[in-house]
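The values are calculated or read from the model by the stated rules, or taken from the named source; none is laboratory data. All of these numbers come straight from a predicted model, not from anything done at the bench. Don't worry about glycine lacking a Cβ; one is built from the backbone with ideal geometry, like all the others, and counts go over all protein chains shown.
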């Protein structure tokens, strides 16, 4: 199976990301998919499961999850918050389902991805994304981290 670059925001790391506006930051989290739905239809994560947080130089942030069928399911936002050092919130504006190098057709949504991490930001405990499209379709992710430190890459 292909290894997907996975990025998950490491909370203390977020300030560094903002300063390094010309870099792509990718954080890989390994763990378990508890729930995964696309337009209210259940689907499965790839095995082994991972979640990817990517912060782009243009301010776009993505949470991507590789699927069992080879596609990639992505939650996309451009506004975030950090109410506590252990909590990160991404405000979603769309989801996308990519197949190979094709980016997929985006679907406009409203909702959030919330991530709980260790105080130092090195371990992701849980990522919960919950969004709805204009027709009422639900886009869900409940991902539990496996307790291992995240892998951070910069490009």
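Across the range 72-90, what is the total count of residues that are part of a strand (DSSP E or B) and farther than 17 Å from residue 143 by Cα? Quick ask: steps written out before the conclusion?
Our first condition is that a residue be part of a strand (DSSP E or B); within the range 72-90, this holds for 72-84, 87-90.
Now restrict to residues that are farther than 17 Å from residue 143 by Cα: 77-84.
Qualifying residue count for the region: 8.
Residues are listed down the side, and each one gets a yes or a no for (1) closer than 22 Å to residue 40 by Cβ; (2) within 12 Å of the chain's Cα centre (by Cα):
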{"site": "84", "(1), (2)": "no, no"}
{"site": "88", "(1), (2)": "no, yes"}
{"site": "91", "(1), (2)": "yes, yes"}
{"site": "102", "(1), (2)": "no, no"}
{"site": "123", "(1), (2)": "no, no"}
Only one of (1) more than 22 Å from residue 22 (Cα to Cα); (2) touching a strand residue (DSSP E or B) at 6+ places or on another chain (Cβ under 7 Å); (3) not in a strand (DSSP E or B) is not met by residue 65, so which one is it? (3)
Within the range 116-140, residues touching a residue at least 60 places away in the same chain (Cβ under 8 Å) and crowded, with 16+ Cβ neighbours inside 10 Å come out as 117, 121, 124, 127, 129, 133, 137, 139, 140
Can you tell me how many residues in the range 1-42 are at pLDDT below 95, in a loop (DSSP other than H, G, I, E, B) and more than 13 Å from residue 62 (Cβ to Cβ)? 8
Read through the list (1) within 21 Å of residue 152 (Cβ to Cβ); (2) modelled with pLDDT of 90 or more; (3) surrounded by 13 or more Cβ atoms within 10 Å (Cβ to Cβ); (4) touching a strand residue (DSSP E or B) at 6+ places or on another chain (Cβ under 6 Å), then give the number of the only condition that residue 59 fails. (3)
